[in-house]
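The values are calculated or read from the model by the stated rules, or taken from the named source; none is laboratory data. The shown structure was predicted, so the numbers you read here are calculated from the model rather than taken from an experiment. Neighbour counts run over all protein chains shown; Cβ positions are idealised from the backbone, glycine included. Accessible surface is based on the protein model in full, side chains and every heavy atom, while ligands, DNA and RNA are left aside. Shrake-Rupley method; radii C 1.70, N 1.55, O 1.52, S 1.80 Å.
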Amino acid sequence: MTRRAIAIGIVCVLLIAVATPYTDLVVQGTWLGLTSFPISAFFVLIVLAGALNVIPRAFGVGLATAELLAIYSMALVAAGIPSFGLTGLLIPYMAGPFYFATPENGWSETLWPLLPEWVHPPPGPTVEHLYEGLRPGMPIPWGEWVVPLAAWTVLVAGVYAVFFCLTALLRRRWVDQERLVFPLIQLPLEVADYESARAVLPGLLKSRLMWLLFAVPFIIHAVNGLHSYFPAIPDINVHQISLDSAITERPWTAIRPLRLRVLFSIIGLAFILPAELSLSLWVFYWFFLVQQVIGQALGAPMSSVQAYPVRRFVAHQMIGGILCFLVLGLTAARKHLADIWAHARVPLTGASPPASSDRREPLPYAVAVWGALGALGLIVAWGVAAGASWPVTLVLFVLYFAVQIVATRLVCEGGMLYVQHPYRPLNLVLAAVGTGALAPRTIAITALFDHLWMLDNRSPLMPSLMQSMRIADDGGIDRRRLFGMLGVSVGLAVVVSYVAYLRLMYVHGGTSLNTWFTSYYTRNLYCTWTDHLVTNGEPPQPAAFATMSVGAATMWALVALHRTCIWWPLHPIGYLMGASWPMLNYWFPIMIGWLCKSTIVRFGGHRIYRRALPGFLGLIFGEFFSAGLWSVVDLIAGVRGHQIFSF
């Protein structure tokens, strides 16, 4: 990594940390920081490679491929933090319970006593002005936020440290040994790839087929963008076509909500995936919908999990499959894990290092193992200090990191933009012991952990870290040096986004900004659910574990069939995604991408597929570029609420 790449990367991280809160809260347009392939990071790469780098390369001083990829990696890990990854949820969770408390809901009696003073700003004017805005001449009360934000940053550091360590421990297994596909980095790699040292444009930008299919989403989103400015121009609805009004008879109503979305970027990503994987994603989505129809026909309970339109028995199967998939994956990696332990125990025993070297890994294995355990200890200590039970905190976060390993695998192998598992670690704990076995403060604090880290995880850090390590290999970048700069990027994004978010809320008033961020999660989800758990409680649900066992057994069978039977057409990843929120939105474009690829390969062979690939990359390019471009236009023009597409 060169010094100028580091400097440019830091500037890009700072811009993202400031701009993302503004687009989320004020512009209220497309969410630029979401997913493991965030629009903001890719737009930065497009602007650099396709515009700002052209003239410097013509004079032989432009950024090389490795520099562009290093900058993209720094932007990639930072992109989600100002949004759903951390700050966009944390600050409302800290203040919302105190602003939205009323005599009717009684949260001042049920919730306030359970939250220690050092995890939130002081109730009163500090919170009121956050949501209602400061009067002219009033200063932002930065001092009131120093202690609670510093306290939360300690927890954030612990969680992120575990992610860095897990990435270092799993990189060799997934990248070198299993050679996962990493679909989400294929387009960034192409955009940064030059055919020669003298080339001024990346090779992909010279492809006529790429530009031809690029034009499809670009023109459609341009028409819809102009419709936002000039309503007389008709729009082209590719955003969301609901089929619910056509489904009115029982038991078919069990498949609602059902929608068609023509997301060109998802079509392009599905085209990159192995055909068996893209087939499995939409087939298993319908597999679970059929279960719902049968269940409703038989009169089975059709309740949904908290916060998601996912039936409980479907969510139970998914989490059972996830945990089984993790165990099977760790079993298959036992030689790699034994090698890791051989390195980790050297500092304890003084034994000779094993023959295999970890010098080129992002972190030495000993540092990664003991660092992860130390960070986990820090997390548990934080929970105890806040008033939560240490066994519950430990179990909660061990399950969380276990689920995140699987989610990261789904991103790196399956190309999922994001993964949301509707049945979360806290649901598992409550199903096992119920609320009666937990103290009220343990419930309040663990529910806060759950809602901040586990509920809506559309901007996770670990997939971005793992993708960056694969990018380092393709770009010839030193892993350890890049890993260090990724840590710097994350730290800068956290601190700067704190400042940017608070400033926007105090200047504009949170109630006048995007209430999805400022109000919905804290009032409608955290406070309401936590009050229910503390006041009414929930009993243990031993029957849930029977359904989870069905999911685990199904996953074991699917993995066995996938590994041993060449003729078996379905991939286990499809079952893990199930009928989750991402699949509800993406099943249709994934099916279109699968159909395009299967047809081309069947009738034209792999040679024609390779020739068609730049065109489908153009679909991704065109949609993501349109989202970034219109976000800039809307920001300048002051238009609010214009979304290219949502996640």
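Would region 440-453 turn up any residue that is surrounded by fewer than 21 Cβ atoms within 10 Å (Cβ to Cβ) and more than 23 Å from ILE81 (Cα to Cα)?
Looking only at region 440-453, we keep the residues that are surrounded by fewer than 21 Cβ atoms within 10 Å (Cβ to Cβ), and these are 440-441.
Of the ones still in play, those that are also more than 23 Å from ILE81 (Cα to Cα) are 440-441.
Yes, region 440-453 contains at least one residue that is surrounded by fewer than 21 Cβ atoms within 10 Å (Cβ to Cβ) and more than 23 Å from ILE81 (Cα to Cα).
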For this session: Output the qualifying pairs, or none if there are none: Cβ atoms under 6 angstrom, residues six or more apart or on different chains, first residue in region 184-211 and open to solvent by less than 20 Å² (accessible area, probe 1.4 Å), second residue aromatic (Phe, Trp, Tyr) and in a loop (DSSP other than H, G, I, E, B).
Result: LEU184/PHE37; PRO202/TYR194
Problem set entry | Subset of region 220-235 (residues that are more than 28 Å from the chain's Cα centre (by Cα) and of a type in the set (A, V, I, L, M)) | VAL223, LEU226, ALA232, ILE233
For this session: Please state which one of ALA381, ALA368, ALA386, ALA372 is open to solvent by less than 40 Å² (accessible area, probe 1.4 Å), farther than 11 Å from ALA161 by Cα and at pLDDT 95 or above.
Result: ALA386
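Answer with yes or no whether ASN457 is more than 30 Å from ARG359 (Cα to Cα), open to solvent by 10 Å² or more (accessible area, probe 1.4 Å) and either small (Gly, Ala, Ser) or part of a helix (DSSP H, G or I) (or both).
Working: more than 30 Å from ARG359 (Cα to Cα): yes; open to solvent by 10 Å² or more (accessible area, probe 1.4 Å): yes; either small (Gly, Ala, Ser) or part of a helix (DSSP H, G or I) (or both): no.
No: the conditions fail for ASN457.
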Exercise. Is one or more of the residues making up region 405-421 acidic (Asp, Glu), under 24 Å from MET577 (Cβ atoms), open to solvent by less than 10 Å² (accessible area, probe 1.4 Å) and in a helix (DSSP H, G or I)?
Worked result: no
For this session: Look at PRO362 and say whether it is open to solvent by 30 Å² or more (accessible area, probe 1.4 Å) and either assigned to a helix (DSSP H, G or I) or more than 22 Å from LEU399 (Cβ to Cβ) (or both).
Result: no
For this session: List every residue pair whose Cβ atoms sit under 9 Å apart, with the two residues 6 or more apart in sequence or on different chains, where the first one lies in region 400-415 and is touching a residue at least 60 places away in the same chain (Cβ under 8 Å) and the second, anywhere, is open to solvent by 10 Å² or more (accessible area, probe 1.4 Å) and basic (Lys, Arg).
Result: CYS412/ARG470
For this session: Confirm whether HIS239 is surrounded by 15 or more Cβ atoms within 10 Å (Cβ to Cβ) and in a loop (DSSP other than H, G, I, E, B).
Result: yes
For this session: Return a yes/no flag: does region 291-305 have any residue that is surrounded by 20 or more Cβ atoms within 10 Å (Cβ to Cβ), part of a helix (DSSP H, G or I) and not acidic (Asp, Glu).
Result: yes
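For region 137-232, give me every one of the helices (runs of 4 or more DSSP H) that falls completely inside it and has 1 or more residues that are at pLDDT 95 or above and under 30 Å from LEU52 (Cα atoms). Spell out the reasoning first.
Values: elements: 143-171, 186-191, 208-229.
Passing ranges, in order: 186-191, 208-229.
Quick grid of which residues meet (1) assigned to a helix (DSSP H, G or I); (2) surrounded by fewer than 24 Cβ atoms within 10 Å (Cβ to Cβ):
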| site | (1), (2) |
| --- | --- |
| PRO463 | yes, no |
| SER468 | yes, no |
| ASP473 | yes, yes |
| ILE477 | no, yes |
| GLY484 | yes, yes |
| SER497 | yes, no |
| ARG503 | yes, yes |
Problem set entry | Filter result (farther than 14 Å from VAL395 by Cβ, under 25 Å from the mean Cα position of the chain (by Cα) and polar (S, T, N, Q)) within region 430-480 | ASN457, SER459, SER464, GLN467, SER468
For this session: Being assigned to a helix (DSSP H, G or I) and more than 17 Å from TYR520 (Cβ to Cβ) is the filter here, so list the residues in region 83-117 that pass it.
Result: SER108, GLU109, THR110, TRP112, PRO113, LEU114, GLU117
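Kindly indicate whether any position in region 110-117 is open to solvent by 20 Å² or more (accessible area, probe 1.4 Å), among the acidic types (Asp, Glu), farther than 30 Å from PHE401 by Cα and over 27 Å from the mean Cα position of the chain (by Cα). Explain how you work it out, then say what you get.
So the first thing to find is which residues in region 110-117 are open to solvent by 20 Å² or more (accessible area, probe 1.4 Å), and the list is 110, 112-114, 117.
Subset that is among the acidic types (Asp, Glu): 117.
Now drop any that are not farther than 30 Å from PHE401 by Cα, which leaves none.
No, region 110-117 contains no residue that is open to solvent by 20 Å² or more (accessible area, probe 1.4 Å), among the acidic types (Asp, Glu), farther than 30 Å from PHE401 by Cα and over 27 Å from the mean Cα position of the chain (by Cα).
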Problem set entry | Test: PHE43 is within 15 Å of the chain's Cα centre (by Cα) and more than 25 Å from PRO92 (Cβ to Cβ) | no
Problem set entry | Any hit, region 322-343, residues being in a helix (DSSP H, G or I), hydroxyl-bearing (Ser, Thr, Tyr), open to solvent by 40 Å² or more (accessible area, probe 1.4 Å) and out of contact with any His (no Cβ under 9 Å at 6 or more places or on another chain) | yes
Seminar exercise, completed: Looking across region 20-56 at residues that are crowded, with 19+ Cβ neighbours inside 10 Å and out of contact with any helix residue (DSSP H, G or I) (no Cβ under 7 Å at 6 or more places or on another chain), the single one that is farthest from LEU486 (Cα to Cα) is GLN28
For this session: Could you please let me know if ILE443 is of a type outside the set (Asp, Glu), at pLDDT 95 or above and not in a helix (DSSP H, G or I)?
Result: no
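Taking the stated definitions as given, is PRO353 in a loop (DSSP other than H, G, I, E, B) and without any contact (Cβ under 8 Å) to a residue 12 or more places away in the chain? Let's see the steps before the verdict.
Values: in a loop (DSSP other than H, G, I, E, B): yes; without any contact (Cβ under 8 Å) to a residue 12 or more places away in the chain: yes.
Criteria met by PRO353.
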